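What follows is a set of notes on a single structure, which appears directly below.
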Amino acid sequence: MTNTTFLTGKTLPRRTVLRGLGATLALPLLDAMFPASLYSRLAPAAVSRFQAVYVPNGMAMEYWLPSVVGRDFELTPILEPMAPYRDQMTVLSGINASWNAIHAGATGSFLTGATHGGKNEVELLADVSMDQILAREFGAQTQIASLGLTMDPPNNAGACQPGLSCVYQQTLSWRSPTQPLPMEHNPRSVFETLFGDSGSTDRAARAARLAQQKSILDSVNEELASLRGEIGPQDRIKVEEYVDAVRDVERRIERAEDQSEVELPTLFQPEGVPQTFEEHYELMTDLKVLALRTDLTRVVTFMMGMEQSSRPYPQIGIPEGHHPLSHHGQVPQQIEKMSKINRYHMELFTRYLAKLRATPDGDGNLLDNMTILYGSGISNSDRHSGDNLPLMVVGGGAGKLKGGWHVQYGHEPSMANLLVTLMDKVGVPVDRIGGSDGALPIDTLANL
């Protein structure tokens, strides 16, 4: 079938939304959102987006770090799942944590570049995180400034390590030096944030909506029918694919909620999320893709798990808890088990990358226009080391990133300096983040 562009004389506003049942449904980028008279000479500008993906409890560095620097680096056992994305990945080594304070400093400084925290378990102190600086800039152009998601339920009370609040380990995002932002782990709440009438997650409002037994798509059905008559065949295909994706996410959330009411034996199962870790992960992944493809937000932070997470992974043959296993005592067999968890996280991450690559965006796809920082704030987990962090940059950066490298820094720069450099690559240059004392060599990262 010939892929032709159909344009009418009428131009849809870029932020067209459908409204119904107190909900708004944003549309993906359509050809009809560009004037016919301009489309032939003005291609849609690439929109830059940023995401951080955090993996907890450090890394089995022997299975992560390539031995070769440059283009001919090997894909180590943890990195092997990234083979289809080698041309859009760059491994960074030699970078040290800005604040090495065991688990709290790992997450507390990952996007803030903070060099220290509060003086006790009730004093909160870090710095404005990279994602929130971007949210201030991009939020003027999107409905949602940023999304913060996690696979673990929050536990914000008390001290998770002596003298420091648990909050440091529960989030990557800080709106101000004293205001951490909560991360959401319930897919229903995320869905309502994206598509609800005001982003409210009030329990009574949700119950009333569910009682109506109507989906958001059902409620905007009349407007959808009218829209189909105004757009061309290629746009109709885009809309139908998007509608199918939204309906599928709704259906899976409702199934998960139905299952949560069933009497079950004691399981490692947070209430309100799907029965298995993988089902939960896939739902969160699809919600991220929906948010990005409709330009509801351009900034996402995602925690594969929170620091000190003791989640077991029996599905890959690791029944031990993740955090206890991370203190492997340099026993080779234990390090190998740790590496299997690290590789599993990478395999899940590549499923997300596949969805980004399969989603058209501008002249390319979503992955082409993403800058994704993947990694951990701890390297050798047994020693809680903040040296030589396991870090990777993935995506095309809207044309500013070119992958296929292992870049090694010999002067032990701070993670905060990397954040400054990435800000420039995303198109929002800043002088400093946290304790940064400059950017990493721009010429080096220009070759990413």
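A convex hull fitted to the Cα coordinates of region 43-157 yields 176 cubic angstrom per residue.
Fully extended, how many nm does the chain gain between Thr276 and Asp437 (0.36 nm per residue separation, minus their Cα-Cα distance)? Mind showing how you got there, number by number?
Working: separation 161, 0.36 × 161 = 57.96 nm, distance 4.36 nm.
Difference between extended and current length: 53.6 nm.
Diffusion coefficient of region 286-368 by Stokes-Einstein, Kirkwood radius over Cα pairs, 10 °C, 1.306 mPa s: 107 µm²/s.
Counting Lys +1, Arg +1, Asp -1, Glu -1, what net charge surrounds Thr371 among other residues with beta carbon under 10 Å of its beta carbon? Mind dumping the intermediate values first?
On the way: positive: Arg49, Lys400, Lys425; negative: none.
Net of charged neighbours comes to +3.
Across region 303-310, computed HN-Hα scalar couplings (Karplus, 6.51 cos²θ - 1.76 cosθ + 1.60, θ = phi - 60°) run 10, 4, x, 8, 3, 6, 4, 9 Hz from first to last residue, x flagging Gly and Pro.
Can you quote the Å³ per residue value for the convex hull of the Cα atoms in region 305-419, rounded to an integer? Could you put the intermediate results ahead of the total?
Details: hull volume 15.3 nm³, N = 115.
Hull volume normalised by residue count: 133 Å³.
Counting other Cβ atoms within 10 Å, which trypsin sites (Lys or Arg not before Pro) in region 276-305 have at most 13 and lie in a DSSP loop? Taking region 276-305 and a limit of 13 other Cβ atoms within 10 Å, no loop trypsin sites (Lys or Arg not before Pro) are found.
Cross-link list Lys340/Lys402; Lys119/Lys400; Lys288/Lys402: which exceed 32 angstrom alpha carbon to alpha carbon?
Working: Lys340/Lys402 28 Å; Lys119/Lys400 40 Å; Lys288/Lys402 23 Å.
Those over the limit are Lys119/Lys400.
Between Glu412 and Arg86, 0.36 nm times their residue separation minus their Cα-Cα distance comes to what? Walk me through the intermediate numbers first.
Details: separation 326, 0.36 × 326 = 117.36 nm, distance 2.49 nm.
My answer for the length gained is 114.9 nm.
The trypsin sites (Lys or Arg not before Pro) of region 44-146 meeting both criteria, a DSSP state outside H, G, I, E and B (loop) and at most 15 other C-beta atoms within 10 angstrom of the site's C-beta, are Arg71, Lys119.
If you model region 135-189 as an ellipsoid using its alpha carbon gyration tensor, with each semi-axis the square root of five times an eigenvalue, the axes come out at 24, 15, 6 Å, biggest first. For region 83-165, the relative contact order comes to 25 percent (Cα pairs under 8 Å, sequence separation of at least 6).
Report the local net charge at Val91: Lys and Arg +1, Asp and Glu -1, summed over other residues whose C-beta lies under 12 Å from its C-beta.
Numbers: positive: Arg71, Arg86; negative: Glu74.
Residues near Val91 contribute +1 overall.
Only the coordinates and a few stated rules stand behind these numbers; no lab work does. Everything numeric in this text was worked out from a predicted model, so none of it was measured. Note that each Cβ is placed from the backbone with ideal geometry, even for glycine, and that neighbours are counted across all protein chains shown.
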